Amino acid sequence: MRKSPRDTQDGTRRIGRRGLMLAGIQLGVVTTLGLRLRSMQLDHAEEYRLLSDGNSIKIRLLPPARGLILDRNGLVVAGNEQNYRVTLTREEAGGDVRPVLDRLSQLIPISDERMAELLEEFSKRSAITPIVLADRLSWAQFSSIAVNAPSLAGVTPESGLSRSYPRAGDLAHVLGYVGPVSDYDLSKIEDPDPVLMLPEFQLGKVGVETKLEADLRGKAGTRRVEVNSAGREMRELGRQEGEQGATVQLTVDARLQNYAAQRMGEESAAAVVMDVQNGDLLAICSSPSFDPNKFVRGISSPDYRALMEHDHRPLADKTVQGVYPPGSTFKMVVLLAGLESGLINSGTRFYCPGFVEVGGRRFHCWRRGGHGTMNPIQSLEQSCDVFYYELAQRIGIDRIGAMARRLGVGIQHDLPMSAVAEGIAPDRAWKRARYDQEWLIGDSINASIGQGYVLASPLQLAVMTARVASGREVVPRLIRALDGIAQQVPEAASLGLSEEHLRQARDGMDAVMNGARGTARRARIIADDWRMAGKTGTSQVRNITAAERARGVISNDQLPWNRRDHALFVCYAPVHAPRYAVSVVVEHGGGGSTAAAPIGRDILLFALEGGLPPLEAVPSDQRAAMEARHNAMHLYTPEPPRPTRSRA
């Protein structure tokens, strides 16, 4: 059908309007593109030119500052120090790192040996993994590298933090140390934190540093950087700082720990000081020690070999890892087991002729001629072995083992330290399980004087002493606060022991120090307000034959060092209101009364005084020697404590 003129005119008008609309849209698009092109060409020309050359944005992790570790008074015992270093990433160096290393060697010394080590490490690592070329650079070296960085592709000068231990060996066994993350470390972690992949990132290896690693590590920060096609960093686009690790406050008193370390001197020994009421470990010191800073910086082979070959085992923590026959310090356990069994009481007497004979074998008392008739308090005061031989035969090993565990021996105490030993409080079931053998009466006699199968650590002996002194199930603790939040200390439950029986053990320990025939009388405290109770112990490390006894037992000072008896001592004070318990073990020290008791007494006095023991607290004939010892010491003078950070 033919269109009318009117329809034709309407169609023409509609087409015209649509054309104008399309033309307008096209003009708008062209105008927008033109303005955008103008902006790109004029306003952002440099930015897009760099990107066109192959630039990209990369996210780099920033290692967090490791949390501080403080002593109970807020003094820093593990902190961080400034560390200037330089890293190189193979991918950013174009794949061949040798030319870059050669140029860098003109700025800082790189030995041929170190060059070979670096090339080998680059061949093993991923191309995107930064490798530390050198650290602990001087400011002049660091500045020189920073100025020349544009000509050193892939090289990044970094300013970071490294762990430091200002008290060196004083708390080395408690704190442990940190070191670079190894492949072995990563293999033990199911989903490792990416921050662990950072070059030379430091991870706790032993001690508190590893047990509280999750708290101390902190959270990594990030920085957005722009790098060009050669991998060179052009500029930083943004930064978000990481979160420092938690501040950990220990129960340890750094000054007391320092005094204990110096008082033990060059002995192979251990000392533990424990608060009788709340279980705080005020000192937990193993001697000799080592400098953990050497491990942080990378200990040399000669230094490490010297530590490993030292006969006093400086790397071993004798306070919690070392277990020893407790000797006569174990007699309080046996006495309390006997009293609680009801088979003996305070009026019980045993006669000591110098030995007992069981099954055709003689078990000797330390005093060859015997002690005569002994009651419980006298048996502790004079440390009569025969009294305990007789007692053990009557009550049996199962009661002794149960009491030992009740007092903290044969228990693995929960502390954030490495390889805390369980010790051994044996009984019939233990021997059957361990050796598939039945318990013998001779085993009970040996155990009654802390020999045979019985083993205890200095920590356990301190716990045992604190529990006897308080009558409560005091639990040792090492962490006082975490990020300013005090760790709760539940009230210690009663041991459930008769107060009269505990009094017998305490009076016996009092007589050891202050009685006319006390085995540790020379190491007593003469200040009435600080009157001390204690118990000596000597544990054999060799068998004494019948022939040797017949001709005379060889004295310790005539034996090679490693064949001498261990010396032990436990004590607490004041007797009327116990505050602190102390245990001391001197390996191959000889007699407990001569080698261990004076050390324990002095350490306990320092804890009571809050500083150097006053000379008037010891017998007058010992004051000159004490003063000479103190004058020879280099005691710790702390700086003012820094405030702790709290997340509470």
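Every read-out reported here was derived from the displayed coordinates using simple, explicitly stated rules and does not represent laboratory data. Only a predicted model underlies this, so the values are computations on that prediction, with no experimental measurement involved. Note that we place each Cβ from the backbone using ideal geometry, even for glycine, and neighbour counts take in every protein chain shown.
How long is the gain from ARG362 to GLU241 if the chain were fully straight, where each residue apart is worth 0.36 nm and the alpha carbon distance is subtracted?
Separation in residues times 0.36 nm, less the Cα-Cα distance, equals 36.3 nm.
Go through SER448, GLN412, HIS371 and say which Cα lies farthest out towards the positive end of the charge dipole of the range 254-632; charges sit on Cβ, +1 for Lys and Arg, -1 for Asp and Glu.
Working it through, the farthest residue towards the positive pole turns out to be HIS371.
For the chain, build the charge dipole from Cβ charges (+1 Lys, Arg; -1 Asp, Glu) around the Cα centre, then report which of THR247, SER289, VAL582 sits farthest towards its positive end.
Of the listed residues, the answer is THR247.
Around ALA261, what is the net charge, scoring Lys/Arg as +1 and Asp/Glu as -1 over all other residues with Cβ under 12 Å from its Cβ?
Summing Lys and Arg as +1 and Asp and Glu as -1 gives 0.
Go through CYS352, ILE485, VAL132 and say which Cα lies farthest out towards the positive end of the charge dipole of the chain; charges sit on Cβ, +1 for Lys and Arg, -1 for Asp and Glu.
Sorting the options by dipole projection puts first ILE485.
Fully extended, how many nm does the chain gain between GLN412 and ARG18 (0.36 nm per residue separation, minus their Cα-Cα distance)?
Extra length available between GLN412 and ARG18 comes to 132.8 nm.
Straight-line reach from LYS124: which lysines have Cα under 25 Å away, leaving out those fewer than 8 places along the same chain?
Within the straight-line cut-off, LYS124 pairs with LYS58, LYS188, LYS205.
At 7 Å along Cα-to-Cβ for each site, give me the label-to-label distance between SER151 and LEU35 in nm.
Modelled inter-label distance: 4.8 nm.
Could you give the size of the charge dipole of the range 254-632 about its Cα centre, using +1 on the Cβ of each K and R and -1 on the Cβ of each D and E, expressed in debye and rounded to the nearest 20?
The dipole magnitude comes to about 720 debye.
Which value, in debye to the nearest 20, gives the size of the charge dipole of the chain about its Cα centre, when Lys and Arg are +1 and Asp and Glu are -1 at the Cβ?
Using Cβ point charges on Lys, Arg, Asp and Glu, the chain gives about 1460 debye.
What ratio of Cα Rg to 2.2 N^0.38 Å holds for the chain?
Normalised Cα radius of gyration, the chain: 1.40.
Cα convex hull of the range 254-632: mean projected area in nm², to one decimal?
Average of the hull's projected areas for the range 254-632 equals 20.8 nm².
Counting only the backbone N, which residues of the range 365-382 are under 12 Å from the spot 7 Å out from the Cα of GLU499 toward its beta-carbon?
The answer is none.
Length gain on complete extension for the stretch SER143 to GLU616, per 0.36 nm per residue less the alpha carbon to alpha carbon distance?
Stretched fully, the SER143-GLU616 segment lengthens by 164.4 nm.
Calculate the dipole size of the range 333-455 relative to its Cα centre from +1 charges on Lys and Arg beta carbons and -1 charges on Asp and Glu beta carbons; express the result in debye to the nearest 20.
Computed charge dipole of the range 333-455: roughly 240 debye.
Give me Rg/Rg_expected for the range 408-483, where Rg uses Cα atoms only and Rg_expected = 2.2 N^0.38 Å with N residues.
Scaled against compact globular proteins, the figure is 1.33.
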